Amino acid sequence: MELFYTPEYAKAGDVIPFYNEETRRFEGYYLKNWNPDAPKDKVIRGWHRIVTTDNRNFAEEPVHIDGGTGSVIRVNGIYHMFYCTFDNAPAAQWARHAVSRDLIRWTDIPEEKFGPDGEIYRTSDWRDPFVFWNEEEQAWWMLLAARENAATERNGCVALCTSGDLVHWNYQKPLYSPHEKLSAYECPDFFRMGDWYYLIYSNYTDGFQTYYRMSRSPRGPWIRPLKDTFDGRAFYAAKTMWDGRNRYLYGWNPTRGEDNWGFDPEKDYGKDYKTYNWGGSIVAHRLHQHEDGTLGTRPAEGLESAFSEFITPEIRTLTGDWRKTEDGVICRSQGGYSAALSQQLPDQCVIRARVSYSGSPSGFGLALHVDERFDFGYYLIFQPERRRIEFRSGLRMYEQGGQMFPYAVELERPIQLEAGREYQLELFIDGSAAVLYVDQDTALSFRMYQYRGRHIGWFAADGDITVKDFSIGT
């Protein structure tokens, strides 16, 4: 059983979701990034079709379309694929069109490829076409990752083209161009939920995440919500799918170790210190809408139902004052750091608990793969004063920690924390890959490579915490 799909001998890159209303199942695609040691007889480049009914177990096959991210729609019994290709000499990017009757065998239409106009849009970026029918304007819209001809290099944008026949496309001004980022806004996605329209895109400069904007109109103006991302650095290129009941967001949690960017240090400090690869494991979040129109993330149903056997582990004091209650433990740690240890962490599991705090703790949370010394391992640190959850690996525990990372925080998610309120934690772990959900609303994906087979721990610093209903499902 897998919790987060990782293809054999490869990494899962951008997902192109498609819901087949006839079969009532996900029948999408993804871009496959083969590992360097993949057997040559297995390597087939380009798009691969993936089918699932639970967003956890996937069956796949190649479709022999060699290109970049795009979208698939069905019109009058014909499936239309819009994707992108890249030229090197000279460098150019193109939007492409292919058709199919069965979602497997595709016929490319080479005469319909087109690139940026060179006037509204720069010729350097033109990829990831997302095509949909705009009911309000009675026209086909195509959104693309592009760069606007602008006064500065902060010209990343979501380009817009319109059509009446899916063949002839008219260049329009960018749908979204805030003159903020230094690269194209990748993998655009667009949908309506209730009275709100949502624009989703990913960007890898001045941040490396999937973002969203919201508006009352399909043409904007676009509002930036206070928390405008769905996950952290280890979740990218996410696109959505509606199955008639729920909207899911598919991204990838990157693996590490290939030094794709030539950025790894000469000295080997372990895989946790390596830069992220392009692609990894597929993570599917289920989106939900708050009263103010903002969006939250919760686990997909297939993830929640993956475990049927649960145990209630013991919590053993290492330092500080930990006291048992009927449904958990209370830790009083007003003047320092308190640590407690529990059982060995299974390689595949879900950890669930309800946690609250009092006072003004500098941090509290869950430790993973730690030992009796409570030093090297992985830490999910809730920091009320900083309004965030921080993920910190064992590399930060070294006395030479200042030379290990050129930044203060490895991974983080913004969250507003309140004393006395209980927070529901669900942590899904599958080998090195993990996703934390808080109150089925805030998600944080991460990786754990260097330490395995060690213990779960709890901790609190300069404040009190209560842990209730702590359980582990396997």
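Quick rundown of the values:
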| read-out | value |
| --- | --- |
| Derived scalar couplings ³J(HN,Hα) [the stretch 230-238; Karplus, 6.51 cos²θ - 1.76 cosθ + 1.60; whole Hz; x for Gly, Pro] | 9, 6, x, 4, 8, 7, 9, 6, 7 |
| Diffusion constant of the chain at 25 °C, which comes from Stokes-Einstein with the Kirkwood Cα-pair radius and 0.890 mPa s, µm²/s | 104 |
| Computed [θ] at 222 nm, deg cm²/dmol, the chain (DSSP H ≥ 4; -39,500 (n - 2.57); rounded to nearest 500) | 0 deg cm²/dmol |
| Calculated FRET efficiency for the pair VAL409/MET1, C-beta based, R₀ 30 Å, to 0.05 | 0.40 |
| The stretch 329-388: C-alpha gyration tensor shape, a/c 1.5 cut-off, then a/b vs b/c | prolate |
| Whole-angstrom gap from the stretch 191-244 to the stretch 278-341, using each part's C-alpha centre | 26 |
| The stretch 436-474: trypsin sites (Lys or Arg not before Pro) falling in loop per DSSP and having at most 13 other Cβ within 10 Å | ARG452 |
| Cα gyration tensor category, rounded, prolate or oblate, for the stretch 43-114 with a/c compared to 1.5 | oblate |
| Inter-probe distance in nm under a simple model that places probes 7 Å from Cα toward Cβ, at TYR9 and SER305 | 3.3 |
| Prolate/oblate/rounded label for the stretch 310-473 (Cα gyration tensor, a/c 1.5) | rounded |
| Estimated inter-spin distance, ASP165 and ASP462, nm [label 7 Å along Cα→Cβ] | 6.9 |
| Over 24 Å (Cα to Cα) - which of LYS11/LYS173; LYS11/LYS274; LYS181/LYS271 fall in this group | LYS11/LYS173; LYS181/LYS271 |
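Throughout, read-outs are computed from the coordinates displayed, never taken from laboratory work. In this text the structure is predicted, and so the values were computed from the model without any measurement. Using ideal geometry, Cβ is built from the backbone for each residue, glycine included, and neighbour counts are taken over all protein chains shown.
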